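Trainee: I'd like to ask you about the structure that follows.
The values are calculated or read from the model by the stated rules, or taken from the named source; none is laboratory data. Keep in mind the model is a prediction, meaning the values are calculated, not measured. Here the Cβ is made from the backbone with ideal geometry for all residues, glycine too, and neighbour counts use every protein chain on show.
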Amino acid sequence: MEFQIIWFILWAVLWAVYFMLDGFDLGVGMLQKFLGRNEAERGAIIRTIGPVWDGNEVWLLTAGGATFAAFPTTYALMFSYLYTALLLILFSLIVRGVSVELRGKEEGATWRSRWETAFLISSFLPALLFGVAFGNIFQGLPMDADGYHGNLFTLLNPYGLLTGIFFVLLFLMHGALWIGVKTTGDLSKRASGFANKVWYPLLVVAVLFLIHTKFATNLYSNFVGTPVLFVMPLLAVLALLGIKIFAAKGALLTAFASSCVTILSVTFTGVIGLFPNLIPSSIDPRYSLTIFNSSSSPYTLKIMTGVALVFVPIVIAYQAWNYRVFRKKIDPNEMEQGKAY
Amino acid sequence: MDVVMLSRLQFAVTAGFHFIFVPLTLGLSLLVAFMETKYVRTGDEMYLRMTKFWGKLFLINFALGIVTGITLEFQFGMNWAEYSKYVGDIFGAPLAIEATLAFFLESTFIGLWIFGWDKISKKLHAASIWIVSIAASLSALWILLANGWMQKPVGYVLRNGRAEMVDFGALVTNSYGWSKFFHTVLAGYVVAAFFVMGISAYHLLRRNEISFFKASFRMAATFGLVTSLLVFISGDFHAVEVSTTQPTKLAAMEALWDTQRGAPYNLLAFPDVENERNSVEAISIPKGLSLLAYHDGNAEVKGLKDFPKELRPPVMATFLSFRSMAALGMLFMLLSLIAWLLARKGVLESYPLFLKIMLFAIPLPYLANQVGWIVAEVGRQPWIVYGLLKTSDAVSKAVTPMQVIGSLVGFTLLYGFLAIVDIYLLTKTARKGPEDESPIVVKTNKIAGN
């Protein structure tokens with residue numbers, strides 16, 4: 001197989017795993033203030049992601065680094081074209097990291113409450129903006145020989161916004177199930193109740209997204225060309241239905257696993273539709289950035305393939321072990337007042 | 001100002017701000033690892049309290065280091081798209097490797113260290129802070145190999161309109177990157193040593209927790225003495241690397257205008273850039289500069305006048321930064337030596353003036369780190385990759401001055417706010433001193449009850 005194709009697959013895997021893992025962190029961030037009725041509950045909620053969120057975010061940094069190393073032209077143009085949108089994501093990620101880590105470094109309800117608000121906003125914005133960004137990538141960016149002809153506001157088109165809302169709802173669902181799985185008692189019940197309710201708007205938006213995709217993008221043409229690929233969106237739909245079936249029965253862990261499969265298969269569906277583009281041009285296909293015209297040299301790709309094949313499995317192994325170490329559920333009643341993380 | 005100047009300013013602000021936190025992370029993680037290892041070996045509760053107290057300061061600093069680091073990865077693409085396109089084939093690799101090898105380790109094991117007190121064995125817990133510390137250095141290694149390539153490009157050919165990697169081994173063994181790695185990491189250790197000595201001095205002056213802070217001080221003094229010596233030695237080796245690869249940087253560092261064989265070192269000098277000479281030159285050490293630059297007293301050292309003006313770096317900034325870094329480096333050796341002697345005799349409390357000096361010396365190694373980066377980066381100008389690509393050709397074409405002004409203002413406000421929060425939390429935590437007994441154990445046990 002050509003190295004470009006290997007890297008396209010790796011690129012897709014990095015993004016998919018990032019959304020699957022940080023997706024629940026972002027959801028937790030959006031839900032903390034609403035689901036946590038008191039200091040102990042809010043502490044418990046943030047504690048569910050405390051040991052893992054940072055490691056989850058590194059999948060994003062690695063996706064970014066991999067784009068730089070494997071497809072430098074795409075990295076360069078995407079980041080400079082989407083300057084303001086990426087700046088907003090960046091600021092949010094900075095504020096989010098600080099809110100998680102510094103919230104518990106000082107006593108006092110006001111201090112905590114302010115960081116919780118910051119955490120809420122800085123979790124919502126990346127969830128929305130990653131959706132907007134991917135929606136626009138699916139549609140293609142207005143670029144040609146003269147460069148880029150868009151700005152922050154052209155990104156906020158109906159399809160971009162719809163994808164943004166889709167992401168927000170996906171992560172809300174994912175985060176609610178995570179809190180449900182990782183906590184006990186009332187809090188867990190409330191979280192699973194929320195997951196059961198948010199599933200309906202998620203379903204509606206998902207259906208709208210699938211329909212709108214037909215009109216706004218070219219994503220389906222690869223599937224029509226190779227119908228066996230339809231297995232991926234089919235999996236996404238089944239997994240989405242599975243979430244509801246299991247969540248309604250109270251099988252939260254299975255529902256969460258379904259939610260993971262949903263996010264992975266939604267990402268793969270989008271990326272399969274893009275192939276071989278990384279960013280299509282919406283005005284002149286000759287200026288689309290593909291895995292072939294924007295990649296690094298075969299030598300660099302070969303080295304990077306070696307690095308990835310050796311180290312990514314090791315990373316997955318110790319991250320999985322880390323999740324295992326912290327597998328115990330968290331009981332808000334046992335979070336000592338004022339000492340919560 | 002144009003996009004180039006604005007983007008440079010933004011990079012300077014964001015990289016400089018990030019580098020307030022990195023050196024302390026590098027050094028303090030190691031000191032905390034020593035402390036916890038001592039606790040595991042001896043079972044002495046004081047070392048556990050030390051681990052917790054210095055560990056909390058470490059974590060505040062660590063959080064800010066992590067979040068401000070994300071900016072840099074974004075910025076190469078956002079502001080320096082032409083650079084990223086031109087050198088991404090070779091420069092992107094070390095960045096991606098840094099994320100895969102170091103960031104994952106660092107971020108996963110720090111989670112384990114913070115929350116794992118009662119979930120994993122004592123030994124494994126101590127091992128996780130060692131892993132965090134090693135991963136921080138590993139991260140520094142890969143980023144400095146990337147920066148080393150910008151300073152001394154190796155292992156590439158110009159092909160398909162860009163620099164393409166042909167020799168990964170050359171990139172990884174780049175002597176510039178390695179000498180810079182040792183110098184930078186050691187400089188980070190000095191920051192941590194002075195940080196711990198300074199805060200300990202504060203408490204010793206107040207006669208607070210004397211045995212705790214004497215032990216902390218003593219450990220940091222030994223660490224500081226060793227590392228401030230090594231940072232000087234590594235700096236000396238690094239200078240030779242600079243003079244052989246970047247003669248313009250060396251000439252600017254020393255404000256040497258005319259090429260000379262057996263060039264002297266002027267202890268006192270001040271450049272007059274307009275007239276291409278030095279307005280002050282005094283206390284000359286014969287052959288000193290040749291010796292310093294090439295470890296050979298008779299070597300020829302190129303002067304600035306040998307290079308066209310447009311290929312010279314800003315002389316004043318490079319010269320002053322280098323001088324102050326070197327002077328500070330010597331001061332650190334002197335202060336660490338005194339600190340080590342007094343700590344060894346156990347008579348620190350009898351020297352309040354010295355303790356006060358150590359308290360106020362906390363910012364100095366930070367300053368030395370910052371000016372060191374000014375020498376490295378400003379001294380490389382007008383090149384972004386020395387001899388290969390000019391900074392002015394590297395900037396993003398799609399980005400407008402207004403966008404960069406907007407982001408620069410945003411960064412300044414956000415980082416200003418973070419600086420206030422950081423200083424507030426660090427000062428407060430440092431002043432409060434260690435908790436009585438070891439309450440975190442009590443606390444985590446309680447949480448563990450679930």
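Trainee: Which condition number in (1) closer than 28 Å to residue B:166 by Cβ; (2) within 14 Å of chain B (Cβ to nearest Cβ) is the one that residue A:276 fails?
Mentor: The failed condition is (2).
Trainee: Can you name the number of the only condition in (1) touching a Lys or Arg at 6+ places or on another chain (Cβ under 9 Å); (2) facing chain B (nearest Cβ under 7 Å) that residue A:104 fails?
Mentor: Residue A:104 satisfies all of (1) touching a Lys or Arg at 6+ places or on another chain (Cβ under 9 Å); (2) facing chain B (nearest Cβ under 7 Å) except (2).
Trainee: Regarding segment A:215-222, can at least one residue be identified that is in a helix (DSSP H, G or I), under 19 Å from the mean Cα position of the chain (by Cα) and among the polar types (S, T, N, Q)?
Mentor: Initially, segment A:215-222 is screened for residues in a helix (DSSP H, G or I), giving A:215-216, A:220-222.
Imposing the further condition that a residue be under 19 Å from the mean Cα position of the chain (by Cα) reduces the set to none.
No - not one qualifying residue is present in segment A:215-222.
Trainee: Can you go through A:159, A:83 and tell me which one is within 14 Å of another protein chain (Cβ to nearest Cβ) and either buried (at least 18 other Cβ atoms within 10 Å of the Cβ) or at pLDDT below 90 (or both)?
Mentor: Of the residues listed, the single one that is within 14 Å of another protein chain (Cβ to nearest Cβ) and either buried (at least 18 other Cβ atoms within 10 Å of the Cβ) or at pLDDT below 90 (or both) is A:83.
Trainee: Just checking: which of the helices (runs of 4 or more DSSP H) contained wholly in segment B:269-366 hold 1 or more residues that are farther than 30 Å from residue B:20 by Cα? If you could, list the steps in order and put the result at the bottom.
Mentor: Numbers: elements: B:288-294, B:315-345, B:352-360.
In segment B:269-366, B:288-294, B:315-345 are the helices (runs of 4 or more DSSP H) which contain 1 or more residues that are farther than 30 Å from residue B:20 by Cα.
Trainee: Further question on the same structure: Out of contact with any Ser or Thr (no Cβ under 9 Å at 6 or more places or on another chain), at pLDDT below 95, over 17 Å from residue A:63 (Cα atoms) and surrounded by fewer than 19 Cβ atoms within 10 Å (Cβ to Cβ), is that true of residue A:249? Quick ask: steps written out before the conclusion?
Mentor: Values: out of contact with any Ser or Thr (no Cβ under 9 Å at 6 or more places or on another chain): yes; at pLDDT below 95: yes; over 17 Å from residue A:63 (Cα atoms): yes; surrounded by fewer than 19 Cβ atoms within 10 Å (Cβ to Cβ): yes.
Yes.
Trainee: A further question on this structure: Just one of the numbered conditions (1) out of contact with any helix residue (DSSP H, G or I) (no Cβ under 7 Å at 6 or more places or on another chain); (2) more than 25 Å from residue B:295 (Cα to Cα); (3) within 14 Å of chain A (Cβ to nearest Cβ) is not true of residue B:208; which one?
Mentor: Here residue B:208 clears every test but (3).
Trainee: Take the residues in segment B:144-168 that are facing chain A (nearest Cβ under 10 Å) and free of Cβ contacts under 8 Å to residues at least 24 places away in the same chain; name whichever of them is surrounded by the fewest Cβ atoms within 10 Å (Cβ to Cβ).
Mentor: My answer is B:160.
Trainee: Is it true that some residue in segment B:16-38 is crowded, with 22+ Cβ neighbours inside 10 Å, modelled with pLDDT of 95 or more and over 23 Å from residue B:181 (Cβ atoms)?
Mentor: Yes, some residue in segment B:16-38 is crowded, with 22+ Cβ neighbours inside 10 Å, modelled with pLDDT of 95 or more and over 23 Å from residue B:181 (Cβ atoms).
Conditions (1) more than 8 Å from chain A (Cβ to nearest Cβ); (2) without any contact (Cβ under 8 Å) to a residue 24 or more places away in the chain; (3) surrounded by fewer than 21 Cβ atoms within 10 Å (Cβ to Cβ); (4) out of contact with any Phe, Trp or Tyr (no Cβ under 9 Å at 6 or more places or on another chain), marked per residue:
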{"residue": "B:90", "(1), (2), (3), (4)": "no, no, no, no"}
{"residue": "B:93", "(1), (2), (3), (4)": "no, no, no, no"}
{"residue": "B:97", "(1), (2), (3), (4)": "no, no, no, no"}
{"residue": "B:103", "(1), (2), (3), (4)": "no, no, no, yes"}
{"residue": "B:116", "(1), (2), (3), (4)": "no, yes, yes, no"}
{"residue": "B:125", "(1), (2), (3), (4)": "yes, no, yes, no"}
{"residue": "B:129", "(1), (2), (3), (4)": "yes, no, no, no"}
{"residue": "B:132", "(1), (2), (3), (4)": "yes, no, no, no"}
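Trainee: Next question. Quick test for you: out of A:98, A:17, pick the one residue that is under 30 Å from residue A:296 (Cα atoms), surrounded by 21 or more Cβ atoms within 10 Å (Cβ to Cβ) and either within 8 Å of chain B (Cβ to nearest Cβ) or under 17 Å from the mean Cα position of the chain (by Cα) (or both).
Mentor: Values: A:98 fails: under 30 Å from residue A:296 (Cα atoms).
Only one candidate passes the filter, namely A:17.
Trainee: Pull up segment B:29-46, narrow it to residues that are of a type outside the set (A, V, I, L, M) and touching a residue at least 24 places away in the same chain (Cβ under 8 Å), then point me to the one that is nearest to residue B:425 (Cα to Cα). Talk me through it step by step, then tell me what you get.
Mentor: Initial filter on segment B:29-46 (of a type outside the set (A, V, I, L, M)): B:29, B:34, B:36-39, B:41-45.
Then drop every residue that is not touching a residue at least 24 places away in the same chain (Cβ under 8 Å), which leaves B:29, B:34, B:36-37, B:39, B:45.
Working: B:29: 18, B:34: 24, B:36: 23, B:37: 26, B:39: 26, B:45: 25 Å.
Once the filter is applied, the top-ranked residue is B:29.
Trainee: Right, another one. Tell me, yes or no, whether segment A:252-261 has at least one residue that is touching a His at 6+ places or on another chain (Cβ under 7 Å), within 30 Å of residue A:189 (Cβ to Cβ), hydroxyl-bearing (Ser, Thr, Tyr) and surrounded by 15 or more Cβ atoms within 10 Å (Cβ to Cβ). Steps first, answer last, please.
Mentor: Residues of segment A:252-261 that are touching a His at 6+ places or on another chain (Cβ under 7 Å), as a first pass: A:259.
Filter once more, keeping what is within 30 Å of residue A:189 (Cβ to Cβ): A:259.
Still in the list and also hydroxyl-bearing (Ser, Thr, Tyr): A:259.
Imposing the further condition that a residue be surrounded by 15 or more Cβ atoms within 10 Å (Cβ to Cβ) reduces the set to A:259.
Yes; the residues of segment A:252-261 include at least one that is touching a His at 6+ places or on another chain (Cβ under 7 Å), within 30 Å of residue A:189 (Cβ to Cβ), hydroxyl-bearing (Ser, Thr, Tyr) and surrounded by 15 or more Cβ atoms within 10 Å (Cβ to Cβ).
Trainee: Given the residues A:145, A:69, A:109, A:118, which is the only one that is within 11 Å of another protein chain (Cβ to nearest Cβ), more than 17 Å from the chain's Cα centre (by Cα), more than 27 Å from residue B:405 (Cβ to Cβ) and among the aliphatic types (A, V, I, L, M)? Break it down stepwise before answering.
Mentor: Details: A:145 fails: within 11 Å of another protein chain (Cβ to nearest Cβ); A:109 fails: within 11 Å of another protein chain (Cβ to nearest Cβ); A:118 fails: more than 27 Å from residue B:405 (Cβ to Cβ).
Exactly one residue qualifies, and that residue is A:69.
Trainee: Now a separate question. Counting just the residues of segment A:284-334 that are more than 10 Å from chain B (Cβ to nearest Cβ) and in a loop (DSSP other than H, G, I, E, B), which one comes out farthest from residue A:75 (Cα to Cα)?
Mentor: Of everything passing the filter in segment A:284-334, A:284 is farthest from residue A:75 (Cα to Cα).
Trainee: Report, ordered by the first and then the second residue, all pairs with beta carbons closer than 9 Å, sequence separation of six or more or different chains, a first member in segment A:10-27 that is under 12 Å from residue A:57 (Cβ atoms), and a second member that is outside any helix (DSSP H, G or I).
Mentor: From segment A:10-27, the pairs are A:21/A:52; A:25/A:52.
Trainee: Being assigned to a helix (DSSP H, G or I), aliphatic (A, V, I, L, M) and surrounded by 19 or more Cβ atoms within 10 Å (Cβ to Cβ) is the filter here, so list the residues in segment B:390-406 that pass it.
Mentor: Looking only at segment B:390-406, we keep the residues that are assigned to a helix (DSSP H, G or I), and these are B:391-393, B:401-406.
Add one more test, that the residue is aliphatic (A, V, I, L, M), and what stays is B:402, B:404-405.
Matches in segment B:390-406: B:404 only.
Trainee: If residue B:162 satisfies every condition in (1) at pLDDT 95 or above; (2) within 30 Å of residue B:389 (Cβ to Cβ) but one, which is the exception?
Mentor: Of the numbered conditions (1) at pLDDT 95 or above; (2) within 30 Å of residue B:389 (Cβ to Cβ), the odd one out for residue B:162 is (1).
Trainee: Moving on. Would you check if there is a residue in segment A:29-42 being buried (at least 21 other Cβ atoms within 10 Å of the Cβ), within 21 Å of residue A:320 (Cβ to Cβ) and out of contact with any strand residue (DSSP E or B) (no Cβ under 6 Å at 6 or more places or on another chain)?
Mentor: no
Trainee: For residues that are part of a helix (DSSP H, G or I) and basic (Lys, Arg), scanning just segment A:20-55, find the one that is nearest to the other protein chains (Cβ to nearest Cβ). Before the answer, list the steps.
Mentor: Keep residues of segment A:20-55 that are part of a helix (DSSP H, G or I), which gives A:20-35, A:39-49, A:53-55.
Next, from what is left, pick out any that are basic (Lys, Arg): A:33, A:42, A:47.
Working: A:33: 20, A:42: 15, A:47: 8 Å.
Filtering first and then ranking leaves A:47.
Trainee: Check residue B:387 against each of (1) at positive phi; (2) buried (at least 18 other Cβ atoms within 10 Å of the Cβ) and name the one condition it does not meet.
Mentor: (2)
Trainee: Then there's this: Would you mind telling me which numbered condition in (1) in contact (Cβ under 8 Å) with a residue 60 or more places away in the chain; (2) of a type outside the set (A, V, I, L, M); (3) touching a helix residue (DSSP H, G or I) at 6+ places or on another chain (Cβ under 7 Å) residue B:139 fails?
Mentor: Here residue B:139 meets the rest and fails (1).
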